[in-house]
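*Asks:* Sharing a structure with you now.
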Amino acid sequence: MEAREQHRADESSGASFSGLVLMLGTAALVHLGAAPDPGSGEAKVDLDQAKQVLDLVDVLKHKTAGNLTAAEARLLDDLLFDLRLRYLEAVKRT
């Protein structure tokens, strides 16, 4: 399947790169205690899990380099910057 056809198929199914990035960002926020856990409704800090998600987003950035639109690259960069700051702040609090 050509990339253009795959992109249309992804859009029609609701799947998108931006959606994936935002999903990972939400998971990191949950682990940083900045958002409540969807299951329990409680905000808990789990720095190990937060670090794993940050590392995963960083891998995603490196593996997709040169294949993203400007908006997708900016979203990924902005998210990583924000999550890294939040992670450092959470580490300082412990």
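*Asks:* So for region 38-56 (the condition being without any contact (Cβ under 8 Å) to a residue 24 or more places away in the chain, more than 17 Å from residue 91 (Cβ to Cβ) and of a type in the set (A, V, I, L, M, F, W, C)), does at least one residue qualify?
*Replies:* No, region 38-56 has no match at all.
*Asks:* Moving on to the next point. For region 78-92, does any single residue satisfy the condition of being closer than 15 Å to residue 31 by Cβ, within 12 Å of the chain's Cα centre (by Cα), basic (Lys, Arg) and surrounded by 12 or more Cβ atoms within 10 Å (Cβ to Cβ)?
*Replies:* Yes, the conditions are met somewhere in region 78-92.
*Asks:* Go through region 66-76 residue by residue and tally those that are assigned to a helix (DSSP H, G or I) and either of a type in the set (A, V, I, L, M) or surrounded by 12 or more Cβ atoms within 10 Å (Cβ to Cβ) (or both).
*Replies:* Looking only at that region, the number is 6.
*Asks:* Restricting to region 51-65, name every residue that is in contact with a helix residue (DSSP H, G or I) (Cβ under 9 Å, 6 or more places away or on another chain) and either among the charged types (D, E, K, R) or in a loop (DSSP other than H, G, I, E, B) (or both). Step through it out loud before you land on a result.
*Replies:* First, pick out the residues of region 51-65 that are in contact with a helix residue (DSSP H, G or I) (Cβ under 9 Å, 6 or more places away or on another chain): 51-54, 56-58, 60-61, 64-65.
Hits for region 51-65 are 51, 58, 61, 65.
*Asks:* Considering region 21-50 alone, what residues qualify as being assigned to a loop (DSSP other than H, G, I, E, B) and not charged (D, E, K, R)?
*Replies:* Residues of region 21-50 that are assigned to a loop (DSSP other than H, G, I, E, B), as a first pass: 33-44, 46.
If the condition is that a residue be assigned to a loop (DSSP other than H, G, I, E, B) and not charged (D, E, K, R), then 33, 34, 35, 36, 38, 39, 40, 41, 43 are the ones that fit.
Readers should treat all values here as calculations from the given coordinates under stated rules, not as data from a laboratory. Here the structure is a predicted model, which is why all the values come from computation and not from measurement. A quick note on method: Cβ atoms are made from the backbone with ideal geometry, for glycine too, and the neighbour counts reach across all protein chains shown.
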